[in-house]
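> Sharing a structure here in structure tokens format.
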Amino acid sequence: MDDKYETIIGLEVHAQLDTESKIFCSCSTEFGSEPNTNTCPVCLGLPGTLPVLNKKAVDYLIITGLALNCEIASYSKFDRKNYFYPDLPKAYQISQFDLPLAKNGYIKVETEEGIHRIGITRIHLEEDAGKLIHEGSIDQSSGSLVDYNRTGVPLAEIVSEPDIRTPEQAREYLNYLKKTLEYLKVSDCNMEEGSLRCDANISLRLHGNKKFGTKVELKNMNSFKAIEKALAYEQKRQRKMLENDKKIVQETRTWDESKSKTISMRGKEEANDYRYFPEPDLVPLEIDERWKKDIEDRLPELPAVKRKRFIDEYNLPEYDADVITDSRDLADFFEDSVSEYKDAKVVSNWIMGEFLRLINEEKMAIEDTKITGQLLAKMLKMIDQDVISSKIAKTVFEEIFYTGKDPEEIVKEKGLKQISDQDELESLVEKIIDENPSVIEDIKNGKDKAVGYLVGQVMKETKGKANPQMVNKMFKEKIK
């Protein structure tokens, strides 16, 4: 920002763990169900009910901790975090306080300023609260409704150290976290559905000072872009206040996208006293070495390692490796194809071009497409064998994408086989030459690029099925 002030940022990320059932009961975690249909006496906090811990949620948190270089506690416990809020039916949340499951981790992020190490204080398990639905406008509210379907969905809360110094570092930290969680397949990280949520704390202090400034909490931001903008705005706002000797108050603010500014939600003069105490209905959690080793053995190759391997092993440009390793499913699709078709750069071009174009147009998840890496490889071999042209291949690719059919079957059904018959092509070339005397004259006068126009005419006549290399060669020989 400048040499006078140093920005201190810490982030708290809540990621919904992608289990089929909730953390303490067997209710479904499915998103989008009718309100209050995925509930039971346990997640509604009715008297006489007892929680039963979901082992998969524990496994997911352990693998997340290992991937983020954390120490996994051999002994941890659950606590009751007491506070009243309408979407928390028990008036307390089962969480972890002084003995979290994972702690003392770190990640490294890269920005224009270089590589920066960001510590992770802790990762702990807790249950999610419900969702409030407000009716009417803010000024004329006619009441609020609550949907308890989300209550009890398992959450991993990932708390960073106050090591982040710029909004750009915050964005890259969040990108790294999101990509890692998706690679681990422990969360779908869908911010629109609330699967990934982030609160930020930001303060400024004079360079050289050890004491932190007064922090402001930023909440209810629905994208990484919004978080970066909000932090950048707060940097400028707080700096201006300090320059004018104004006191910064500890408060909670939110980002107003329409006004491109943060606005105050409520004051926060003191830290909340949640009156934590050990959860009496759950025994402490003991993780032995065998359990930890079993989870460690399931760790997949993580994005940064995979990216480097793709550059070294497949000789991919850095840009290609960045795009393809951005998603585990995309990286798996790439390797599936390269195992059958060895030209990795050609595979990469098709993935970054036609494949991602269709994915974006259809707004589809990669795992929901019909095409496989082997089918792409088979189609690329057909191009090399002159069975189809590169132009026709795009039509074939779309058909595979939507239907999952074998490319050979598609070419046969639609009559897309490339025309490579010498006599058939020669008669077409002569016809085009006769029809375009002025173009022929231009070529004879040195305008070699005009040959491309003639080739295009043949391709038009054959609906893209003529062998373009053969046609190009024929034109050059005949005109010469």
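Just so you know, all these numbers are worked out from the coordinates, no wet-lab data involved. Bear in mind that the values here come from a model prediction, so they are computed numbers and not experimental data. Note that each Cβ is placed from the backbone with ideal geometry, even for glycine, and that neighbours are counted across all protein chains shown.
> Return one quarter of the surface area of the convex hull spanned by the alpha-carbon atoms of region 88-223, equal to its mean projected area, in nm².
Values: hull surface 45.1 nm².
Averaging across all directions leaves 11.3 nm² for the Cα convex hull.
> Any idea what % of Cα-Cα pairs in the chain are farther than 31 Å? Display every interim value, and only then the final one.
Details: 67136 of 114960 pairs.
Cα-Cα pairs of the chain separated by over 31 Å account for 58 percent.
> Taking Cα pairs under 8 Å and at least six residues apart, what relative contact order does the chain come out at, in percent? Kindly include the intermediate steps, with their values, before the conclusion.
On the way: 831 pairs, mean separation 64.9, N = 480.
After rounding, I find 14 percent.
> Right, something else. Report the relative contact order of region 330-377, percent, no decimals, based on alpha-carbon pairs under 8 angstrom and at least 6 residues apart. Can you show the working numbers first?
Working: 29 pairs, mean separation 28.5, N = 48.
Here the relative contact order equals 59 percent.
> Could you give each residue of region 49-58 its phi-based ³J(HN,Hα) in whole Hz, using Karplus coefficients 6.51, -1.76, 1.60 with θ = phi - 60°, and x for Gly or Pro?
Values per residue, Gly and Pro as x: 8, 10, x, 10, 5, 7, 4, 4, 4, 5 Hz.
> Take every DSSP beta bridge whose two residues both sit in the chain, then give the antiparallel share in percent to the nearest 5. Display every interim value, and only then the final one.
Details: 59 of 63 bridges.
Here the share of antiparallel DSSP bridges comes out near 95 percent.
> Mind listing which trypsin sites (Lys or Arg not before Pro) in region 224-267 are in a DSSP loop and have 11 or fewer other Cβ atoms within 10 Å? Walk me through the numbers on the way to the answer.
Working: sites: K225, K229, K236, R237, R239, K240, K246, K247, R253, K259, K261, R266; in loops: K246, K247, K259.
Answer by residue number: K246, K247, K259.
> Here is a follow-up. Given the rule -39500 (n - 2.57) for each run of at least 4 DSSP H residues, summed and divided by the residues of the chain, what is its mean residue ellipticity at 222 nm, to the nearest 500 deg cm²/dmol? All intermediate terms of the calculation are to be shown ahead of the outcome.
Numbers: 16 runs with 183 residues, N = 480.
Rounded to the nearest 500, the figure is -11500 deg cm²/dmol.
> Residue by residue through region 338-352, what is 3J(HN,Hα) from phi via Karplus (6.51 cos²θ - 1.76 cosθ + 1.60, θ = phi - 60°)? Round to whole Hz and write x for glycine and proline.
Result, rounded to whole Hz: 5, 5, 10, 10, 7, 7, 4, 5, 5, 4, 4, 4, 5, 5, 6.
> Hey, another quick one. Rounded to whole Hz and in sequence order, give me ³J(HN,Hα) for region 303-311 from the Karplus expression 6.51 cos²θ - 1.76 cosθ + 1.60, θ = phi - 60°, writing x for Gly and Pro.
So the Karplus estimates, Gly and Pro as x, are x, 5, 5, 5, 4, 4, 5, 5, 5 Hz.
> Something else: Based on the alpha-carbon gyration tensor of region 81-159 and its eigenvalue square roots a ≥ b ≥ c, which shape applies: rounded if a/c is under 1.5, prolate if not and a/b is larger than b/c, or oblate? Intermediate values should be presented prior to the final figure.
Details: a/c = 3.60, a/b = 1.68, b/c = 2.14.
Oblate shape, in that a/c is at least 1.5 and b/c is the bigger or equal ratio.
> I want the antiparallel fraction of DSSP beta bridges within region 5-290, as a percent rounded to 5.
Working: 59 of 62 bridges.
DSSP beta bridges in region 5-290 are roughly 95 percent antiparallel.
> Using +1 at the C-beta of Lys and Arg and -1 at the C-beta of Asp and Glu, which of I371, T29, I123 has the Cα lying farthest in the positive direction of the dipole of the chain?
About the Cα centre, the residue reaching furthest to the positive side is I123.
> Would you grab the residues whose amide H sits under 5 Å from the one on Y92? Only those 5+ places off in sequence or on another chain, please, with H modelled 1.01 Å from N.
Placed amide hydrogens put Y83 under 5 Å from Y92.
> Here's a follow-up. List the GluC sites (Glu not before Pro) within region 57-128 that fall in a DSSP loop (any state other than H, G, I, E or B) and whose Cβ has at most 15 other Cβ atoms within 10 Å. Let's see the in-between values first.
Values: sites: E71, E110, E112, E113, E126, E127; in loops: E112, E113.
Of the GluC sites (Glu not before Pro), the ones in loops of region 57-128 whose Cβ has at most 15 other Cβ atoms within 10 Å are E112, E113.
> Next question. Compute the Cα gyration tensor for region 381-465, then decide on rounded, prolate or oblate, letting a ≥ b ≥ c be the square roots of its eigenvalues: rounded whenever a/c is under 1.5, prolate when a/b is larger than b/c in the other cases, and oblate in all that remain. It would help to have the intermediate numbers written out before the result.
Values: a/c = 3.12, a/b = 2.42, b/c = 1.29.
It is prolate, given that a/c is not under 1.5 and a/b is the larger ratio.
> Next question. Straight distance only, please: which aspartates and glutamates reach the Cα of K240 with their own Cα at less than 20 Å, same-chain residues fewer than 8 apart left out?
The qualifying aspartates and glutamates are D2, D3, E6, E217, E228, E251, D256.
> Another question, then. How big is the convex hull of the Cα atoms of region 147-187, per residue, in Å³?
On the way: hull volume 4.3 nm³, N = 41.
It comes to 106 Å³ per residue, whole-number rounded.
> Please work out whether region 165-204 counts as rounded, prolate or oblate from its C-alpha gyration tensor, where a ≥ b ≥ c are the square roots of the eigenvalues and a/c under 1.5 means rounded, while otherwise a/b larger than b/c means prolate and anything else oblate?
oblate
> What GluC sites (Glu not before Pro) in region 235-332 are in a loop by DSSP, with at most 15 other Cβ atoms within 10 Å of the Cβ? Walk me through the numbers on the way to the answer.
On the way: sites: E243, E251, E257, E269, E270, E286, E289, E296, E301, E313, E318; in loops: E257, E269, E270, E301.
Within region 235-332, the qualifying GluC sites (Glu not before Pro) (loop, at most 15 other Cβ atoms within 10 Å) are E257, E269, E270, E301.
> While we're here: I'd like the Kirkwood hydrodynamic radius of region 303-414, using the inverse of the mean 1/r over distinct C-alpha pairs, in Å. Intermediate results must be reported in sequence, preceding the final value.
Details: mean 1/r = 0.0707 Å⁻¹.
This gives a value of 14.1 Å.
> OK, next. Report, in debye and to the nearest 20, how large the dipole of region 150-217 comes out about its Cα centre when Lys and Arg carry +1 and Asp and Glu carry -1 on their Cβ.
Values: 11 positive and 11 negative charges, 69 e Å.
For this selection, approximately 340 debye.
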